[in-house]
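The structure under discussion appears below in the form of structure tokens.
The values are calculated or read from the model by the stated rules, or taken from the named source; none is laboratory data. Everything numeric here is computed off the predicted structure, so don't read it as measured data. Cβ: placed from backbone, ideal geometry, glycine included. Neighbour counts: every protein chain shown.
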Amino acid sequence: MRTPCRAASGVLLSLTLAMGIVASLTAQKNDKDKDSKNRAAADRPKLALRAQPSVAIAPARVVLTAELSGGADDYQEFYCPTIRWEWGDLSSSEAASDCAPYEPGKTEIKRRFTVEHKFEHAGSYKVYFRMRHGSKEIAATSTVVKVQPGAYDGVQ
């Protein structure tokens, strides 16, 4: 009668030991995944958008600058993107470049995108800057431009 108990106890001990090893391997894998995600996040540049001036009188010429800061200079996902500006006045513009092939460690991303846009009428305009590769949006940000009525605003 003692033998089956020992066998059952031995099986239970083996199962517990195997579960402990699996749990340990899973924890190590999760730690590695977190480390690689943290490294990827540290390598990814941050995107910001500013308007100069952010408050103007119509008609207003505003210079918008989208800038990537920090991160890796050769961050592949941000290399040679298609850029789309959405002006908030029912118009938009898009630009794409013909770039040389990406080379890790050598190729540098473009960090500053500057454009001027004319807002004809008073209003609050939410301007979007979007970076894409094909149909995939890789980064986006926005800012608000406020345009006050001018002497000729609304006069035809």
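Residues in segment 39-61: is at least one touching a helix residue (DSSP H, G or I) at 6+ places or on another chain (Cβ under 7 Å) and either over 19 Å from VAL127 (Cα atoms) or modelled with pLDDT of 95 or more (or both)?
The answer is yes; a qualifying residue exists.
Search segment 104-129 for residues being among the basic types (Lys, Arg) and farther than 18 Å from GLY71 by Cβ, and hand back the single one that is nearest to the chain's Cα centre (by Cα). Across segment 104-129, the extreme among qualifying residues is LYS126. Of all residues in segment 62-90, those satisfying the criterion of being surrounded by 11 or more Cβ atoms within 10 Å (Cβ to Cβ) and over 19 Å from the mean Cα position of the chain (by Cα) are VAL62, VAL63, TRP87, GLY88, ASP89. A single entry from TYR128, TYR102 fulfils the requirement of being in contact (Cβ under 8 Å) with a residue 24 or more places away in the chain, assigned to a strand (DSSP E or B) and surrounded by 11 or more Cβ atoms within 10 Å (Cβ to Cβ): TYR128.
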